[in-house]
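Shown next, in C-alpha cells, is the structure this report addresses.
No value in this document is a laboratory result; all are computed from the given coordinates. From a predicted model like this one, the values you see are computed outputs, not experimental measurements. A quick note on method: Cβ atoms are made from the backbone with ideal geometry, for glycine too, and the neighbour counts reach across all protein chains shown.
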Amino acid sequence: MKNSSTQAAKRDSFASSFGVLVAMAGSAVGLGNLWRFPYLVGENGGAAFILIYLGFVVLAGLPVMLAEFIIGRRSQSSARSAFQKLAPGSHWGIVGVLGVICCVFIISFYSVVGGWCTEYLFKAVRFDFTDGSPESLKTMFSSFSTSTWLPIINHTVFLVLTAGVVIAGVQNGIEKFSKVMMPLLFLIIIGIAVRSMTLPGSGPGISFLFRPDWSKVTSQTFLAALGQAFFSLSLGSCMVVTYASYVKKDAKIISLSTQTAAADTVFAILAGCAIMPAVFAFGISPGEGPDLVFVTLPHIFSQMPVGGVIAILFFLALLLAALTSSISMLEVIVAFCIEEFKMKRKVAVALVFFFIWVLGCLCSLSMGPLSSWKVLGKNIFDLFDFISADFLMLIGGLLIVVFAGWKLGKKVVFDEVTNGGTHHVPAWLLKTMLFLIRYVAPAALLAIAIFQIHE
Ligand code: PHE
C-alpha cells in the first residue's frame, strides 16, 4: 500500500485539458492520416470509403475511445496494471499486455516510415524533386527504401527524436511538444489544402472526395475502413488508456474523447483535400497505393507553382505528425516498464529504444536485403503492420469495450464520465453511450472479424 501511494504521488500528469487534447490528437493524427488514409481513399472509391469510415468512427471508434478513457483515468495506471487494478484477481491484465505488444509492433515499422519522412524532408530542402519524372522519382524511392544503411540511419534519427521527447516526461516532454506542434501541423495542412484545391483542374479530385461511388465498395472496403479508423484513432493499443491515466479527475472525458476523434477525422479529411485535388489536377490515378506520398506527391510538387516550398512544408508536416504519434506509442511501452518493473524513466526509455531500434532495423531491411524472409507470405514490415492494425488493435478494441461495458458495468462507467456525479451529463447521452459501448461497438467488431475469417 505504502509503495503504491508513493508511486501515485510521483506520477506525472497533464497540466491542462488543452494539453490532454493536443497530446491525444497528436497521437491520433499521424502517418495514418497523411499516408494511409489518402491512399486507402484512392484505392477504395473515394467518398464511399470516407462515409463508411465516418460510420465506423462514430459506431465503433468513439465507444472504444471512451472505454479506454474510462479505464485509464479511473485506474491512473499504465496498460496492464490499469485492468488489474480495476478487476483484481482476474486475467484482464492480458488486454493491457496485448496493447503494449501492439505498440511494439507498430512503432517498429512506424519509425522506419518516420525515417523515410526525415530523408524526404531533407531531399525537399535540397530541392531534389525538381524536374523529377514519375519514373525517376519511383527509382529514387525504391532505391532508397530498399538500400541497407540510409533508411537505418534515418530510422535511428527518428527514434532518437521520439525518445528525446519521451525522456522529458509527460508534462515537460509530450505535453509541451504537442502544444507547439499540433497547431503548426493544422496550419500547414490547411495551407496545402487551399493550394491544392485552387489548382486548375482540381474539380474532379474534390468530387472524388465528396461524391460517393458505391460500385467500388466490397466487403474488403468495410474491413479497410474499420482497420483504418482504429489505426488512425490509436485505439485498441492501450494508448488512450495510458494517456488517460495522466488526466486529472476533474477533466470531462466525454468531451475530450469526442474532440479527439473529431480533430483526427477533420485532419484526415484535410489531408484528403491536400492530396486528391492535386493528384487529379495532374492527371494521376488516385489508386497509387503506399507509394502515393513518396512518389506521386514529389512528382506533383515538381510540377506545381511554388511546389518546392509546398514539398518542404508537406514533409515537415508528415514528420511532425509521425513524431507526435510515435512518442505516444513509446510512452505506452515505457510507462509499462516503469510501473511493472519499477524502472527509472531514463533506463526504461534507453532499454525500449534499443529493443525497438533492432526490430525497426529488421523491418527496414525487409524492404531490401531481407526481402526473402517471409511469414504468411509477407515480409517483416508488412507482417508487423498486419498483426497490429488488422488483428491486435481490433481484438484489443473488442476486449476493451467488453471490459468497460460488462465487467466494470453501468455504475462505474456513469460514475467516471460524470466525475463522481459532480459533472452533469444528460441522461439520454449516458444511455446512448452505454448502448454503444455494450452492444454496437462489440457487434461491429465481431461482424468484421467473422467476415474476415469467412473471406
Ligand atoms: N494514430 C496513429 C496514426 O494515425 C498511429 C498510432 C497507432 C499511434 C496506435 C499510437 C498508437 O498514425
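Things worth noting here:
- The alpha-carbon atoms of segment 108-265, seen along their principal axes, cover 55, 44, 33 angstrom, with the largest extent given first.
- Separation of segment 366-386 and segment 117-171, taken as the distance between their Cα centroids, equals 20 angstrom.
- Net length gained if the chain between TRP214 and LYS344 were fully extended (0.36 nm per residue, minus Cα distance): 41.5 nm
- Couplings 3J(HN,Hα) of segment 158-163, computed from phi: 4, 5, 5, 4, 4, 5 Hz, in residue order, whole Hz [Karplus 6.51 cos²θ - 1.76 cosθ + 1.60, θ = phi - 60°; x for Gly and Pro].
- Count Lys and Arg as plus one, Asp and Glu as minus one, and take only other residues whose Cβ is under 13 Å from that of SER371; the net charge is then +1.
- Couplings for segment 120-126, taken from phi via the Karplus curve 6.51 cos²θ - 1.76 cosθ + 1.60 with θ = phi - 60°, read 6, 5, 4, 5, 5, 5, 7 Hz in order; Gly and Pro are left as x.
- Descending principal axes extents, segment 158-241, alpha-carbon based, whole Å: 49, 35, 20
- Computed from the Cβ-Cβ distance with R0 of 41 Å, the FRET efficiency linking GLN303 to LEU351 stands at 0.30.
- Per-pair calculated FRET efficiency, R0 = 35 Å: SER371 and PHE127 via Cβ, rounded to 0.05: 0.65
- Using the Cβ of VAL401 as centre and a radius below 11 Å, the other residues enclosed give a net charge of +1, where K and R count +1 and D and E count -1.
- Inter-label distance for LEU187 and LYS85, nm, one decimal - labels placed 7 Å from Cα along Cα-to-Cβ: 3.8 nm
- Across every pair of non-identical alpha carbons in segment 334-440, the mean reciprocal distance, once inverted, gives a Kirkwood radius of 17.7 Å.
- Under the combined filter of DSSP loop state and at most 16 neighbouring Cβ atoms within 10 Å, segment 68-153 retains these trypsin sites (Lys or Arg not before Pro): ARG126.
- Since only CYS361, GLY396, GLY93 are under comparison, the one whose Cα sits farthest along the positive direction of the charge dipole of the chain, derived from C-beta charges on Lys, Arg, Asp and Glu, is GLY93.
- The C-alpha atoms of the chain define a longest principal axis, and helix 176-197 lies at about 40 degrees to it.
- Degrees separating the helix 134-145 axis from the principal Cα axis of the chain, which is the longest one: 40 degrees
- Per-residue Karplus couplings for segment 370-380, computed as 6.51 cos²θ - 1.76 cosθ + 1.60 with θ equal to phi - 60°, are listed in order as 9, 5, 7, 6, 10, 10, 6, x, 10, 6, 4 Hz, Gly and Pro entered as x.
- 20 Å cut-off, amide nitrogen to a point 7 angstrom out along VAL58 Cα→Cβ, residues in segment 266-282: 266-270
- With the simple spin-label model, which puts each label point 7 Å out from Cα in the Cβ direction, the VAL266 to LYS248 separation comes to 2.4 nm.
- Counted charge near ARG438, where neighbours are those whose Cβ lies closer than 12 Å (Asp, Glu -1; Lys, Arg +1): +3
- Considering helices alone, the calculated mean residue ellipticity of the chain at 222 nm is -22500 deg cm²/dmol, with DSSP H runs of length four and up weighted by -39500 (n - 2.57) and normalised per residue.
- In segment 94-199, taking the dipole from charged Cβ atoms about the Cα centre, the farthest positive-side position among HIS155, ALA168, GLY132 is held by ALA168.
- Spacing of the modelled spin labels on SER136 and SER17, each 7 Å from Cα toward Cβ, amounts to 5.4 nm.
- Over the chain, the alpha carbon radius of gyration divided by the compact-protein estimate 2.2 N^0.38 Å works out to 0.95.
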